[in-house]
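Step one of this worksheet: look at the structure below.
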Amino acid sequence: MDVTIIGAGLAGLTAAYTLTRHGFNCEVLEKSRALGGRMATRRHEDTSFDHGAQYFTVKTTAFADFLHEVGVTEAMAPLAAPVVSYPFHDLAAALADASQPEVSAIPGFPHRYVFRSGMTTLAKAIVARMGEFRVVRECFVEAIAWDATLRRWDIHTRGDNTTLGGIRPADWVILALPAPQAAQLLARSHPLPAPFTVLQKALEEVTYHPCITVVWGAPPNTAYPGVGALRAASEDYPIGWLAWLDRLAPYRVPDGDSVVIAQFGPAASRSLLDQPEGMVIQALASTLSEQFQLDLPTLRWVNIKQWRYANPAVSLSNLDAITAVADFNLDICGDYLLGGRVEAAFLSGVAAAERFTQRTCQP
C-alpha cells in the first residue's frame with residue numbers, strides 16, 4: 001500500500017518512519033531542501049545555530065524510546081547554562097532559581113536538550129533509518145484529487161526540475177503541514193468530497209503565532225553573567241527569547257566568538273513579517289535597548305529568518321473533521337493537534353500512523 005506524506009517536518013517524518021516500520025511503502029514530499037521543519041539548523045563558517053526551535057524536552061516514555069530507537073541520544077546535550085525567566089527584580093535570585101535541578105517523570109531525561117550538531121540531527125537520523133530515497137525534496141504539491149472509482153489519490157506536483165512535476169498516485173495521503181497550508185491545499189484541490197469542506201473550515205480556524213529570529217555574530221558579551229538565555233514570562237513582551245549560544249552550547253561556537261539569538265514575540269513578529277532586513281535590525285536595536293539595556297554591537301554577520309507559522313495559537317477544535325475524511329484515505333498530523341512543542345509534533349505523527357494502521361488492518 002502506497003502512502004504519501006506531504007511535509008517533512010518532525011510530524012510527517014515520524015508518521016512515515018512508523019508506517020515504514022509496519023511494512024507500508026511511504027513517500028514524503030517536501031517543498032524545500034531542508035528536513036525537520038522548525039527544527040532548523042544553519043551554518044555560518046565554523047558556527048552552527050538553530051533559528052527555529054531552540055531546545056526540546058522529553059516528557060513521555062514514547063518519545064524517550066523513540067530517541068533511543070533512532071540512535072540520537074548520544075548526540076543530545078543539556079543546555080550548558082541556565083534559562084532565566086524575565087522580567088526579574090534581582091538577577092542573582094533569578095539565576096539561582098533557574099539553576100535548580102529539574103524534575104522529570106522520564107528517567108534519564110531531566111533537562112532541556114539540544115543536539116550537538118543542531119536540531120536537524122533528529123530529522124536526519126529518521127531519514128537515515130527509513131531510507132533517503134523515501135523523501136522527495138523541492139517538490140511542491142499543488143493539488144490532490146480523489147479518484148472515487150479506484151479509491152486512490154492523484155498528487156499533482158511541481159518541482160525545480162522535470163522529474164518532480166506531474167501526477168503521483170497514492171492509496172493514502174497524510175497532510176503533515178501547518179494547518180493554514182493544509183487548508184490552502186484543500187482549497188486548491190476542489191472539487192473534493194463534501195466532508196473535506198468541513199475539514200478545510202476546521203483547519204482555517206487554526207491560527208499561529210509568527211516568529212522572527214535574528215542570529216548574529218559579535219565580540220564576546222559580558223551582559224547577564226552566568227545566564228544562557230532570557231525567556232519572556234509571557235507572550236506580551238517584544239522579545240520572547242534572547243540567548244547566547246556560546247554559553248548554551250559552547251562546542252558549536254569557535255573560542256573567542258559570541259553568537260546571539262533573538263526571537264521576537266508574537267505581536268512584534270507579526271508587525272515585522274515581510275519587512276526589509278534593515279527595519280528588523282532597527283526594531284531589534286530599539287528593543288534590546290529598552291528591554292535589556294543592551295546596545296546592539298557591530299554585527300560581524302547576521303541571519304534573519306521569519307516563521308509565519310511558528311507556534312499554534314489556536315489548536316484544531318473540531319477533531320471529528322479528521323474522522324469524517326477517513327473513508328477517503330486521508331489523515332492529518334502536526335503539533336497544532338496537541339500543542340506547540342517538538343514532542344507534540346512527534347506524538348501527532350505517531351497518532352496518525354496508528355490511526356492509519358488500525359483502519360487498514362480492520363477486516
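Listing for the model above:
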item: Residue within the range 159-172 that is under 25 Å from LEU347 (Cβ atoms) and small (Gly, Ala, Ser) present; result: yes
item: Count of residues meeting criterion [open to solvent by less than 20 Å² (accessible area, probe 1.4 Å), touching a strand residue (DSSP E or B) at 6+ places or on another chain (Cβ under 7 Å), part of a loop (DSSP other than H, G, I, E, B) and small (Gly, Ala, Ser)] in the range 103-133; result: 1
item: Matching entry among THR323, THR298, THR360 (being of a type in the set (Ser, Thr, Tyr) and open to solvent by less than 60 Å² (accessible area, probe 1.4 Å)); result: THR360
item: Count of residues meeting criterion [touching a strand residue (DSSP E or B) at 6+ places or on another chain (Cβ under 7 Å) and either of a type in the set (Lys, Arg) or more than 20 Å from ALA345 (Cβ to Cβ) (or both)] in the range 45-78; result: 5
item: Filtered residue count, the range 319-347, keeping only those that are in contact with a Gly (Cβ under 7 Å, 6 or more places away or on another chain) and more than 21 Å from MET1 (Cβ to Cβ); result: 1
item: The range 269-279: number of residues that are surrounded by fewer than 19 Cβ atoms within 10 Å (Cβ to Cβ), part of a helix (DSSP H, G or I) and in contact with a helix residue (DSSP H, G or I) (Cβ under 9 Å, 6 or more places away or on another chain); result: 2
item: 1 or more residues without any contact (Cβ under 8 Å) to a residue 12 or more places away in the chain and either open to solvent by 60 Å² or more (accessible area, probe 1.4 Å) or not β-branched (Val, Ile, Thr) (or both): qualifying strands (runs of 3 or more DSSP E) within the range 156-268; result: 166-170
item: Which numbered condition SER48 fails, given (1) at pLDDT 95 or above; (2) more than 18 Å from VAL342 (Cα to Cα); (3) not in a helix (DSSP H, G or I); result: (1)
item: Matching residues, the range 235-245, being at pLDDT 95 or above and not aliphatic (A, V, I, L, M); result: TYR237, PRO238, GLY240, TRP241, TRP244
item: Members of the range 331-363 that are in a helix (DSSP H, G or I), without any contact (Cβ under 8 Å) to a residue 12 or more places away in the chain and out of contact with any Phe, Trp or Tyr (no Cβ under 9 Å at 6 or more places or on another chain); result: GLN358, CYS361
item: Single unsatisfied condition, PHE133 versus (1) touching a residue at least 40 places away in the same chain (Cβ under 8 Å); (2) under 28 Å from SER48 (Cβ atoms); result: (1)
item: The range 1-20, residues that are assigned to a helix (DSSP H, G or I) and either of a type in the set (Gly, Ala, Ser) or at pLDDT below 95 (or both); result: ALA11, GLY12, ALA15, ALA16
item: Hits in the range 348-363 - residues which are closer than 13 Å to ALA16 by Cα and either among the hydrophobic types (A, V, I, L, M, F, W, C) or under 16 Å from the mean Cα position of the chain (by Cα) (or both); result: SER348, GLY349, VAL350, ALA351, ALA352, ALA353, PHE356
item: Residue within the range 142-151 that is among the basic types (Lys, Arg), assigned to a strand (DSSP E or B) and farther than 25 Å from ARG42 by Cβ present; result: no
item: Residue among HIS209, HIS190 that alone is in contact with a helix residue (DSSP H, G or I) (Cβ under 9 Å, 6 or more places away or on another chain) and more than 15 Å from VAL325 (Cβ to Cβ); result: HIS209
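Yes/no matrix, rows are residues, columns are (1) at positive phi; (2) at pLDDT 90 or above; (3) out of contact with any helix residue (DSSP H, G or I) (no Cβ under 9 Å at 6 or more places or on another chain):
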position: LEU299; (1), (2), (3): no, no, no
position: TRP307; (1), (2), (3): no, yes, no
position: ALA321; (1), (2), (3): no, yes, no
position: ALA345; (1), (2), (3): no, yes, no
position: SER348; (1), (2), (3): no, yes, no
position: PHE356; (1), (2), (3): no, yes, no
position: THR360; (1), (2), (3): no, no, yes
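The values are calculated or read from the model by the stated rules, or taken from the named source; none is laboratory data. Computed from a prediction, not measured in an experiment: that's the story for all the values here. Methodologically, a virtual Cβ is constructed for each residue, glycine included, from the backbone with ideal geometry; neighbour enumeration extends over all protein chains shown. The area values use the complete protein model at the heavy-atom level, side chains included, leaving out ligands, DNA and RNA. Shrake-Rupley method; radii C 1.70, N 1.55, O 1.52, S 1.80 Å.
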